[in-house]
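A quick write-up on the structure given underneath.
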2 protein chains.
Amino acid sequence: MNKSRTRGERLVVIGGDAAGMSAASQARRLKGPDELEIVAFERGHFTSYSACGIPYWVGGDVTDRDRLIARTPEEHRARDIDLRLRTEVIELDLDGQRVRARDVDSGAESWTSYDKLVIATGARPIRPDMPGADAPGVHGVQTLDDGQELLDSLARTRGRRAVVVGAGYIGVEMAEALINRGYEVTVVNRGSEPMSTLDPDMGRLVHEAMEGLGITMVNDAEVTGILTGDDGRVRAVATREREFPADVVVLGIGVRPETALARAAGLPLGTHGGLLTDRSMRVRGHENVWAGGDCVEVLDLVSGQERHIALGTHANKHGQVIGTNVGGGYATFPGVVGTAVSKVCDLEIARTGLREKDAHRVGLRFEAVTIESTSRAGYYPNASPMTVKMLAELRTGRLLGVQIVGREGAGKRVDIAAVALTAGMTAEQMTTLDLGYAPPFSPVWDPVLVAARKAAAKVRGSA
Amino acid sequence: MNKSRTRGERLVVIGGDAAGMSAASQARRLKGPDELEIVAFERGHFTSYSACGIPYWVGGDVTDRDRLIARTPEEHRARDIDLRLRTEVIELDLDGQRVRARDVDSGAESWTSYDKLVIATGARPIRPDMPGADAPGVHGVQTLDDGQELLDSLARTRGRRAVVVGAGYIGVEMAEALINRGYEVTVVNRGSEPMSTLDPDMGRLVHEAMEGLGITMVNDAEVTGILTGDDGRVRAVATREREFPADVVVLGIGVRPETALARAAGLPLGTHGGLLTDRSMRVRGHENVWAGGDCVEVLDLVSGQERHIALGTHANKHGQVIGTNVGGGYATFPGVVGTAVSKVCDLEIARTGLREKDAHRVGLRFEAVTIESTSRAGYYPNASPMTVKMLAELRTGRLLGVQIVGREGAGKRVDIAAVALTAGMTAEQMTTLDLGYAPPFSPVWDPVLVAARKAAAKVRGSA
């Protein structure tokens, strides 16, 4: 470590996961320690880990927690990043250009000044506001520490009944994880179908597949209480209609941007509670403050409005952009089209762009089509069914969104639509896309092309 | 059948596979038999079959030949298409608007007049011009009839030594098919590496994988003769250096457009010997003649020049476009970007756009990068290595081409690049593409994004 540096600039990073440490690492690549001192604060024990991998660690597909860690604290320190673990930033003083941090274990507090600041405080899981929500046996799965606590809790519990509250990505992935560990799994879902990031007609397919896997799916069910036993540990999840006995409860009801610090400091927040940045990931109106990852809102290129999306791939891109700009280079993050892919056992679920209700909300009228096809040529072994739904704008025919549910080969097909959305293609233009074709990979008309043909025809028919 | 129709127009289709019968079917969808009589001539026994599926039928993955047939002659006839099997068109009289056809079995000839003509004569395999090239035991695999002959030949032969001449798609797929049937397979290849549709550095990866599968790969080897035994049947393939004993020989040295008829009639042919059409698939300069499928040249949207590509997915699209136009609608085929995907056992091989030599040939200067990544998050089970090569134009950074070699999940990733090429994206634009990410589907930076980042940086560095 270079202790006797002449005073260059100091970069302070709040949050030691994907966005924050990508930013720190990229800045370090561009500027050496004499030019830029980097101090990073992380509340937990870990850095640069894959939160998205936690369900697969809990489920046993990933056996070693440390494999989820892309870069350890020691590796960051070896690159001249002054990383302070178990240290929580509790105040931002923007005028004074300093942050106040507290050692989580000792309680000791101190101020650190900065020239440039990166806020990467992530998101926190939504916890139902009711008694029992913090009881032993009730777990979020947002951080690696959360995952470790859940695994410890599972190890301590003899019962095999798990209730997952929420049926979004985290909910369905945790349902898979717990089924894989041999639990009886009930998913309690407020919505009419699981995966509310899909339209309900596509969510229905996920519902059916989950039940086929032995998962009990309870829709239209609002959790009214989490009940504990005499030992204080969770014993059931209650809805208006009934109680679901539970030896362990996993909360997968979504996350919110962790922006309490930013809010207290008066930084600009959007309607979803996330920090608002410009294209360079600089916090709007604040020359020397950047923000990225799960604590920011991103521009949805299809709707033209901001959204909050907690996803590691965006966090990494944000960090890369921030680090480049902090390091004196130039980079921008143009926005997202809302692509997401997931699986429950062998069922693959993907979406990009707008759902029907998103389009309605932003005043776009559209035609929607749904087609059935297969992952490979129908005559090729293991050709499996795939359902593709496509939305295209009235009159222009512009692609608005695609949802895919199927088996192997379904999920990543959504990338075709993600690129087409980014390029502003119409369904008609998509009908002649030159996609990879050979019998083991696709029918002669790729399912996405079949959907595009049907959508284009429907737009023409309604013109 | 409606025999007593008032005379509408008559459409004559030459060729009963993908392009021809797609055109006929689509025209029939738009115009009933009273408006449009459709007569289709097919030299062979089959219609609307997947020639691309033949290697998998020969290899045993597809057990029933009839599964390769999308629509039988009977099904076409039931839709009022007057299909004449085993009938070869031997002359086009463009001025007289008629074709002369010969019954292959009886030799009987007759003229049929047309108002509109579709030429879909396909391609024929290149046969080395040398003694023995037509000997028993030497097989092409272009038509379903060819495939049946090869299977019959394999059944008759006790020997287990197979030589495949050529190492393009057909060559490597047939090598896989014959390995799957338990043959000792030698592939004799004129080029420096197999898969000359890839750059040689990527072809090298295919070479290594094929040898790992037990296939003997002989590169830089020109076939000088096909040797026959006393029984007249093939016994070896000779190159300048040595002889390769063979109980069966499969020719996979490519195909040429089957345009002898068109050439004799004076229709416009391109430098690759294929028919030249406009965007509506109408033969240039001929108001009432369309052509599509393996007998035409297509515009390569990246190079701006015509190419010949024999691929079922293009043939189907051509047929759809032709049928729509013949039926009084409007459709165009804008061109291709040159996407192709294949596999040898579990090795997936994909390419789109220009190779290095293609770019040189058309005067484009570029940066080329190659990266190694994995199909899934590195910590997820069965993450397999993947190599991605990307070419981006100097100065503009425009994507020119992508080649991918890897295991499961590698091949169809090329679609990302195919859409980006179609949209004219730059490598820099691709770095922020919102591609589907979850640990079972992709590393947090998709391999295509990693390649784009490296290519964009290299273009900037050389600017």
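Return the lysines within reach of A:Lys343: Cα separation strictly under 27 angstrom, same-chain partners fewer than 8 residues apart disregarded; answer none if there are no such residues.
Answer for A:Lys343, where 27 Å is the Cα cut-off: A:Lys317, A:Lys357, A:Lys389, A:Lys412, A:Lys454, B:Lys343, B:Lys412, listed by chain and number.
Looking only at the protein assembly as shown, where both bridge partners belong to it, what percent of the DSSP beta bridges are antiparallel (to the nearest 5)?
On the way: 112 of 178 bridges.
So the antiparallel bridges amount to about 65 percent of the total.
For A:Arg242 and A:Ala78, what is the calculated FRET efficiency with R₀ set at 45 Å and r taken between the beta-carbons, to the nearest 0.05?
Values: r = 55 Å, r/R0 = 1.22.
For A:Arg242 and A:Ala78, the calculated efficiency is 0.25.
Just order B:334-342, A:226-234, A:290-298 by mean Cβ neighbour count inside 10 Å, highest at the front, would you? Don't skip to the answer; put the middle values down first.
Working: B:334-342: 23.1, A:226-234: 15.7, A:290-298: 29.6.
In decreasing order of mean packing, B:334-342, A:226-234, A:290-298 become A:290-298, B:334-342, A:226-234.
Given the alpha-carbon gyration tensor of the protein assembly as shown, what are the semi-axes of its equivalent ellipsoid in whole angstrom, ordered largest first, with each equal to the square root of 5 times an eigenvalue? Could the numbers behind the result be given before it?
Numbers: eigenvalues 617, 184, 150 Å².
Largest first, the protein assembly as shown gives 56, 30, 27 Å.
Between beta-carbons, use under 10 Å as the cut-off and find the net charge around A:Val39, counting Lys and Arg +1, Asp and Glu -1. Spell out each step's value before the answer.
On the way: positive: A:Arg10, A:Arg84; negative: A:Glu37, A:Asp82.
Summing Lys/Arg as +1 and Asp/Glu as -1 gives 0.
Averaged across B:338-348, how many Cβ atoms of other chains sit within 10 Å of each residue's Cβ atom? Provide the component values of the computation, followed by the final result.
On the way: counts 1, 5, 4, 7, 6, 4, 0, 0, 0, 0, 4.
Per residue, the number of nearby Cβ atoms from other chains is 3 on average.
Once you average over the residues of B:405-418, how many Cβ atoms of partner chains fall within 10 Å of each Cβ?
Values: counts 0, 0, 0, 2, 4, 0, 6, 13, 3, 3, 14, 5, 2, 6.
If you average over the peptide's residues, the count of other-chain Cβ atoms is 4.
Antiparallel as a % of all DSSP beta bridges within segment B:7-87, to the nearest 5?
Details: 1 of 11 bridges.
Counting only bridges with both partners in segment B:7-87, antiparallel ones make up about 10 percent.
Putting +1 on Lys and Arg Cβ atoms and -1 on Asp and Glu Cβ atoms, find which of B:Val234, B:Val337, B:Val248 reaches farthest to the positive end of the dipole of segment B:198-345.
The listed residue farthest towards the positive side: B:Val337.
From other protein chains only, count the Cβ atoms within 10 Å of every residue's Cβ in B:8-21, then give the mean.
Numbers: counts 0, 0, 0, 0, 0, 0, 0, 0, 0, 0, 1, 0, 0, 0.
Mean shielding by partner chains, rounded to a whole number: 0.
Specify which residue in the list B:Tyr380, B:Val414, B:Gly304 is farthest towards the positive end of the charge dipole of the protein assembly as shown, using unit charges on the beta carbon of Lys, Arg (+1) and Asp, Glu (-1), about the Cα centre.
About the Cα centre, the residue reaching furthest to the positive side is B:Gly304.
Counting DSSP beta bridges in segment B:235-318, what percent are antiparallel, to the nearest 5?
Numbers: 8 of 9 bridges.
Roughly 90 percent of the DSSP beta bridges within segment B:235-318 come out antiparallel.
Give me the dipole magnitude in Debye, nearest 20, for the protein assembly as shown about the Cα centre, with unit charges on the beta carbon: positive for Lys and Arg, negative for Asp and Glu. Could the numbers behind the result be given before it?
Working: 112 positive and 122 negative charges, 256 e Å.
That gives the protein assembly as shown a dipole magnitude of about 1240 debye.
Provide the net charge surrounding B:Glu243, with neighbours chosen by a C-beta distance below 13 Å and charges set as Lys +1, Arg +1, Asp -1, Glu -1.
Numbers: positive: B:Arg161, B:Arg235, B:Arg240, B:Arg242; negative: B:Glu241.
With Lys, Arg at +1 and Asp, Glu at -1, the neighbours total +3.
Label-point separation (nm) for A:Asp64 and A:Ala264, each offset 7 Å from Cα along Cα-to-Cβ?
In this crude label model, A:Asp64 to A:Ala264 measures out at 3.9 nm.
Please name whichever of A:Val448, A:Met210, B:Gly168 sits farthest to the positive end of the charge dipole of the protein assembly as shown, dipole taken about the Cα centre and charges placed at Cβ: Lys and Arg +1, Asp and Glu -1.
The one lying farthest along the dipole's positive direction is A:Val448.
Just need the relative contact order of chain A here, percent rounded to a whole number, with Cα pairs under 8 Å and 6+ apart.
After rounding, I find 13 percent.
Quick check for me: using +1 on Lys/Arg Cβ and -1 on Asp/Glu Cβ, what's the dipole size of chain A about its Cα centre, in debye to the nearest 20?
Numbers: 56 positive and 61 negative charges, 177 e Å.
In debye, rounded to 20, chain A gives about 840.
Taking every pair of alpha-carbon atoms in chain B, give the share separated by more than 41 Å as a whole percent. Intermediate results must be reported in sequence, preceding the final value.
Values: 24361 of 106953 pairs.
Cα-Cα pairs of chain B separated by over 41 Å account for 23 percent.
Let me spell out the model: positive unit charges on the Cβ of Lys and Arg, negative unit charges on the Cβ of Asp and Glu, origin at the Cα centre of segment B:24-152. What dipole size does that give, in debye rounded to 20? List each step's numbers first, then the result.
Numbers: 17 positive and 25 negative charges, 72 e Å.
With Lys and Arg at +1 and Asp and Glu at -1, about 340 debye.
Values in this text are rule-based calculations from the coordinates and carry no lab data. A quick note: this is a predicted structure, and the numbers were derived from the prediction, not measured. In this analysis, Cβ positions are derived from the backbone assuming ideal geometry, glycine residues included, and neighbour counts consider all displayed protein chains.
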